[in-house]
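**Student:** Structure below; questions to follow.
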Amino acid sequence: MATQEVASALHLTAEQITMKMVHANYGLSAIAADQGVLYDQLYPIEQQAVSAMLDAEMQAGYIRPEEATAWKSLFWDNPGKLDTVVGSMFSGLPVDIS
């Protein structure tokens, strides 16, 4: 869900982003820049996508409302962590956000 939203905003498919990240060792910010989307434009796209994903997980009963709020607070206060997590959604690589 989040990957599709971010990919669509960058006018790419999720698969195209994954290929660039995994095979060309690009970061999500670099891919966005190639598409003419600057980091300050990418951040709200990532926020929207992750917020929608967390809301859907909460509505499905996978996480509690306070967990969704805690994740949003963590990511909204730390744009780098949000970028890392969204990038890992495409690459499939584990990340440490501590």
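The values are calculated or read from the model by the stated rules, or taken from the named source; none is laboratory data. Remember, it's a predicted structure, so these values are computed and weren't measured experimentally. Ideal geometry is used to build each Cβ from the backbone, glycine not excepted, and the neighbour counts take in all protein chains shown.
Residues are listed down the side, and each one gets a yes or a no for (1) in contact with a helix residue (DSSP H, G or I) (Cβ under 8 Å, 6 or more places away or on another chain); (2) at pLDDT 95 or above:
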site	(1), (2)
Leu10	yes, yes
Lys20	yes, no
Ala24	no, no
Gly36	no, yes
Gly61	no, yes
Asn78	no, no
Leu82	yes, no
Val85	yes, no
Pro94	yes, no
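**Student:** I'm told Tyr62 meets every condition in (1) in a loop (DSSP other than H, G, I, E, B); (2) in contact with a Gly (Cβ under 7 Å, 6 or more places away or on another chain) except one. Can you identify the failing condition by its number?
**Tutor:** All conditions are met except number (2).
**Student:** Looking at the structure I just gave you, is Asp96 under 15 Å from the mean Cα position of the chain (by Cα), in a helix (DSSP H, G or I) and of a type in the set (Asp, Glu)?
**Tutor:** On the way: under 15 Å from the mean Cα position of the chain (by Cα): yes; in a helix (DSSP H, G or I): no; of a type in the set (Asp, Glu): yes.
Criteria not met by Asp96.
**Student:** If you don't mind, another one. Can you name the residue in the stretch 57-98 that is crowded, with 16+ Cβ neighbours inside 10 Å and aromatic (Phe, Trp, Tyr) and, of all such residues, is farthest from Thr13 (Cα to Cα)?
**Tutor:** Only one residue tops the list, namely Trp71.
**Student:** Go through (1) loosely packed, with under 13 Cβ neighbours inside 10 Å; (2) part of a helix (DSSP H, G or I) for Leu54 and report which single condition fails.
**Tutor:** If we test Leu54 against (1) loosely packed, with under 13 Cβ neighbours inside 10 Å; (2) part of a helix (DSSP H, G or I), just (1) comes out false.
**Student:** If only one of Asp96, Asp77, Asp55, Asp83 is acidic (Asp, Glu) and in contact with a Ser or Thr (Cβ under 7 Å, 6 or more places away or on another chain), which one is it? Full working, then the answer.
**Tutor:** Numbers: Asp96 fails: in contact with a Ser or Thr (Cβ under 7 Å, 6 or more places away or on another chain); Asp77 fails: in contact with a Ser or Thr (Cβ under 7 Å, 6 or more places away or on another chain); Asp55 fails: in contact with a Ser or Thr (Cβ under 7 Å, 6 or more places away or on another chain).
Exactly one of Asp96, Asp77, Asp55, Asp83 is acidic (Asp, Glu) and in contact with a Ser or Thr (Cβ under 7 Å, 6 or more places away or on another chain), namely Asp83.
**Student:** Mind listing whichever residues of the stretch 2-34 are surrounded by 13 or more Cβ atoms within 10 Å (Cβ to Cβ), assigned to a loop (DSSP other than H, G, I, E, B) and not β-branched (Val, Ile, Thr)?
**Tutor:** Once the filter is applied, which keeps residues that are surrounded by 13 or more Cβ atoms within 10 Å (Cβ to Cβ), assigned to a loop (DSSP other than H, G, I, E, B) and not β-branched (Val, Ile, Thr), the stretch 2-34 yields Leu10, Leu12, Tyr26, Gly27.
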